[in-house]
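What follows is a short report on a single structure.
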Amino acid sequence: MNNESVVRDERTMTVENASYRWAYHLLSFGLLLDVAYRGVARNESSWDLLALVIVTGLAATLYQQANKVLSRRWALTAVVTAVAAAVIAAAIVFLR
């Protein structure tokens, strides 16, 4: 057994966090593509996978909010995105 202490500096933590970010994005967008494929090509609904994407995003947002790292710009972007998504969803419903 090695008794040397593990050196964890800011660079190590930054690289680890960047790798988690890449993994999260890969998983989230992979799930979104899977949901889109199932809906378009196979005519299946994938609400369970879509809910997984939404819940993981919500968990990350709540954690950041609890640690007070979200800015006003982030809040504005989130509101504009939600309004745009609602408008697009309404347009899709009315155009069907």
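Taken over segment 45-96, residues that are in a loop (DSSP other than H, G, I, E, B) and in contact with a helix residue (DSSP H, G or I) (Cβ under 6 Å, 6 or more places away or on another chain) amount to 2.
Please work out if V79 is over 15 Å from the mean Cα position of the chain (by Cα), at pLDDT 90 or above and not aromatic (F, W, Y). It is true that V79 is over 15 Å from the mean Cα position of the chain (by Cα), at pLDDT 90 or above and not aromatic (F, W, Y).
Yes/no matrix, rows are residues, columns are (1) exposed (fewer than 11 other Cβ atoms within 10 Å of the Cβ); (2) in contact (Cβ under 8 Å) with a residue 12 or more places away in the chain; (3) under 19 Å from R21 (Cβ atoms):
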position: S46; (1), (2), (3): no, yes, no
position: L50; (1), (2), (3): no, yes, no
position: A66; (1), (2), (3): yes, no, yes
position: A75; (1), (2), (3): no, no, no
position: V83; (1), (2), (3): yes, no, no
position: A89; (1), (2), (3): yes, no, no
position: I92; (1), (2), (3): yes, no, no
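Taken together, the criteria exclude E16 from residues that are charged (D, E, K, R), surrounded by 10 or more Cβ atoms within 10 Å (Cβ to Cβ), without any contact (Cβ under 8 Å) to a residue 40 or more places away in the chain and over 21 Å from Q64 (Cβ atoms).
The values are calculated or read from the model by the stated rules, or taken from the named source; none is laboratory data. Keep in mind it's a predicted model, so treat the numbers as computed, not measured. Every residue, glycine as well, gets a Cβ built from its backbone with ideal geometry; the counts of neighbours run over all protein chains shown.
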